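Engineer: The following block contains the structure, expressed as C-alpha cells.
Derivation of every value follows stated rules applied to the coordinates shown; laboratory data play no part. All values reported here derive from a predicted model rather than from experimental measurement. Glycine also receives a Cβ, built like all others from the backbone with ideal geometry; neighbour counts cover every protein chain displayed.
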Amino acid sequence: MRNAVNGYIWLVDTIRRYGRITFSELSDLWKESPYSGGHKLARRTFHTYRNEAEQLLDVNINCDRSTYEYYISGQGGEGRRLQDWLLDTMAVNNALRNVGDVADRVLLENVPSAREHLPVIIDALKQNKVIRFSYKSYARSQRMAGVEVEPYFVKIFKQLWYVIGYNGADGKIKTYALDRMSDLKLLADKSFKLPEEFNPQEFFSDCFGIITNQNEPKKIVLRVEPTQAKYFRALPLHHSQQEMVHDSYSIFTYRMRITYDLREELLSHGSAIEVLEPQELKTMIGDELERALKLYR
C-alpha cells in the first residue's frame, strides 16, 4: 500500500512540475524513479494511479485530446495553496525516504513537531468544538493550565504551527503555538459557532507573521541592496509587495501593520535594507540598532 501511495504522489508531482506531459514521457520518467523496479509505466497502472490520486489528493488529472498531454487542474485560492503545500510536503518526504547511502549528506533543521496536537485541533475545527490545554508562554514564568479556546483556524509561520481562536476567559482572539501546548483535549460537550463575519484569510492579511494588533496599516517603503532584493522577489515579505528597480538598489513598497514580527524581520537583514517610510518604523529600527551597538562598544 505504501508503494502505491508513493506512486500516486510521484504521478501528481511529476505532472504538476512539467505542467503538460504525454503518457510516453511519463512512462520514461517512471522507469527512472525509485518505484518502477526498472520498468516503464504500464498504461493500465497509470490509469489506476490516476484514479486513486484524484481521490486521495483531491486533484483532477485531465487530458488535452488535441495533444494527448496530461495536466492538473484543481482548486483555486487558499484551497490550491493548501493542496500545493501538501503535495510539496509529501513529495519531499518521498524523496527523503530514498536517500539511502547519502543520508549523512542530507542536513535537516530541528523543527518542533506538531503531529501530536495538529490532528486534535483539525478535528476540533471540523466539529466546531472547544479545546482545552496547558500552555507555557515565553512571556510568563508559570505554565497556564486549563486554557479553553474556540479554535478558528491554524497557521504555519517560520516552520511552527499556531492555532488562532477565541479565549472566552480573556474575551479575545488569541494565538497559541502548538509546540508550547500540553494536555490537549477536544471537549466533545462544548460546541461553538464560528462568527459569520470572521474570515481567517483576512485576519492576518495586513500583517507579516503571526502577531497582529489594532493599528491601521501603513505604507512601508524599504530601500534594499541588489542581492537581498533577489531574495525578496523569490519570497515576498507580504502579498502587497511592489518593487521599483534602480541601478544599485530596489525600492520595495508594502501596506502592512507595524508589528513585532515585522520589526524583527527587518532587523534580521541588517545593513542590506533601509526603512524609508514611515518615520515611526524608521525610528523604531534605528533605536533598536543603537541599543544593540552599545553592547559592542
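Engineer: In straight Cα distance, which aspartates and glutamates are under 17 Å from residue 190, not counting same-chain residues fewer than 8 positions off?
Structural biologist: List returned: 123, 148, 150.
Engineer: So which of 126/230; 126/158; 172/219; 129/219 end up more than 29 Å apart, counting from Cα to Cα? Could the numbers behind the result be given before it?
Structural biologist: Working: 126/230 40 Å; 126/158 25 Å; 172/219 27 Å; 129/219 39 Å.
Too far apart for the 29 Å limit: 126/230; 129/219.
Engineer: Compute the convex hull volume of the Cα atoms of the chain, divide it by the residue count, and report the result per residue in Å³ as a whole number.
Structural biologist: In the chain, the Cα convex hull volume per residue is 226 Å³.
Engineer: Also: Can you work out ³J(HN,Hα) from phi for every residue in region 133-139, in order, using Karplus 6.51 cos²θ - 1.76 cosθ + 1.60 and θ = phi - 60°, giving whole Hz and x for Gly and Pro?
Structural biologist: Values, residue by residue: 7, 9, 9, 10, 6, 5, 8 Hz.
Engineer: Sorting 109, 150, 280 on the 10 Å Cβ count, fewest up front, what's the list?
Structural biologist: Values: 109 5, 150 20, 280 12.
By the 10 Å Cβ count, ascending: 109, 280, 150.
Engineer: Now a separate question. Could you run the Karplus curve 6.51 cos²θ - 1.76 cosθ + 1.60 with θ = phi - 60° over region 66-72 and give me ³J(HN,Hα) per residue in whole Hz, x for Gly and Pro?
Structural biologist: With coefficients 6.51, -1.76 and 1.60, one gets 7, 10, 6, 9, 9, 8, 10 Hz.
Engineer: Provide Rg over Rh for region 218-294; use the alpha carbon set for both Rg and the Kirkwood Rh (inverse mean inverse pair distance).
Structural biologist: On the way: Rg = 12.0 Å, Rh = 12.7 Å.
Dividing the radius of gyration by the Kirkwood radius yields 0.94.
Engineer: Can you sort 144, 256, 284, 244 so the residue with the fewest Cβ neighbours within 10 Å comes first? Please report the intermediate quantities before stating the final value.
Structural biologist: Details: 144 13, 256 22, 284 17, 244 10.
Fewest to most other Cβ atoms nearby, the residues stand as 244, 144, 284, 256.
Engineer: Also, quick follow-up: As a footprinting exposure proxy, order 21, 61 by other Cβ within 10 Å, with the fewest listed first.
Structural biologist: Numbers: 21 16, 61 21.
Going from least to most buried by this count: 21, 61.
Engineer: Also: In a Gaussian network model over the chain where Cα atoms closer than 10 Å are linked, find which of 248, 240, 205 has the largest mean-square fluctuation.
Structural biologist: 248
Engineer: If you don't mind, another one. To test your reading of the geometry: what angle, between 0 and 90 degrees and rounded to tens, separates the Cα axis of helix 2-18 from the longest principal axis of the chain?
Structural biologist: With rounding to tens, the tilt is 70 degrees.
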